[in-house]
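Read the structure below first, then the notes.
Quick note: the coordinates plus some simple rules give every number you see, no bench work behind them. What you see is a predicted model; the values in this text were computed from it and never measured. Cβ atoms come from the backbone with ideal geometry, glycine included; neighbour counts cover every protein chain shown.
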Amino acid sequence: MIRMSLSSVGMPVTIDIPDTEKTHYGIETLPSGDVHVYVNKGFNILINVSGMDMNRKKKDIAGNDVDKFQSWVTQDSSGIVYKTQMVNEEYHFYAIVKKGDKTFYVQEQSQGSDGNVTNFNQAQAQAMYESAKTITPVAPKAKA
């Protein structure tokens, strides 16, 4: 993993992501306000400063009639990793990362920047979740 700054896209934080050397990666701000971070096809996350509280997100997951909830894989104070099934088994995550007075909402992004959809396996979802928990706000640089 490497430490990456997201300041270039207007989010003054750093996050640990898979090594980007000799691989396809990117960081972009989407029209929704989400910051999209991707490394190859196995790491694809959205970060925002607003989102659903955990109870509402769990109800949303459990009530999805298309991508049917199967089980919770991980549940802790920062978030969840869970399994669903539409056609194939898929794994997802949702994290609420609180650092000081800042809160960030992070989840996987199944549709890549190339428009293709990726169904993540358990190891990929868990790795993205662990990465989300490393988000750290960066103090603005003092003006000279």
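Derived scalar couplings between HN and Hα for segment 15-30 equal 8, 7, 10, x, 3, 9, 5, 6, 8, 7, 8, x, 9, 8, 9, 8 Hz in order, rounded to whole Hz, by the Karplus curve 6.51 cos²θ - 1.76 cosθ + 1.60 (θ = phi - 60°), x for Gly and Pro.
Helix 122-132 and the longest principal axis of the Cα set of the chain meet at an angle near 30°. The HN-Hα couplings worked out from phi for segment 54-63 by the Karplus form 6.51 cos²θ - 1.76 cosθ + 1.60 (θ = phi - 60°) are 5, 4, 5, 4, 4, 5, 4, 5, 5, x Hz, whole numbers, x standing for Gly and Pro. Charged neighbours of D114, selected by a Cβ distance under 15 Å, balance to 0 (K, R count +1; D, E count -1). Could you please state, rounded to a whole Å, how far the C-alpha centre of segment 100-128 is from the C-alpha centre of segment 1-79? Their Cα centres are 4 Å away from one another.
Using Cβ point charges alone (K and R +1, D and E -1), the dipole size of segment 2-137 about the Cα centre works out to roughly 340 debye. Per residue of the chain, the DSSP helices (runs of n ≥ 4 H) give a summed -39500 (n - 2.57) that works out to -4000 deg cm²/dmol at 222 nm. Taking θ as phi - 60° and the Karplus parameters 6.51, -1.76 and 1.60, the scalar couplings of segment 38-50 work out to 9, 9, 6, 9, x, 9, 8, 10, 10, 10, 9, 9, 9 Hz in sequence order, x denoting glycine and proline.
Here, the chain has an Rg and a Dmax of 15.2, 56 Å when only alpha carbons are counted. Close amide-amide hydrogen proximity is noted between Y25 and N40, each under 5 Å apart and 5 or more residues distant or on a separate chain (H modeled in the peptide plane; Pro and chain starts excluded).
Distance check, please: which entries in K59/K83; K41/K98; K57/K133; K22/K83; K58/K133; K58/K98 exceed 22 angstrom between their Cα atoms? Over 22 Å Cα-Cα: K41/K98; K22/K83.
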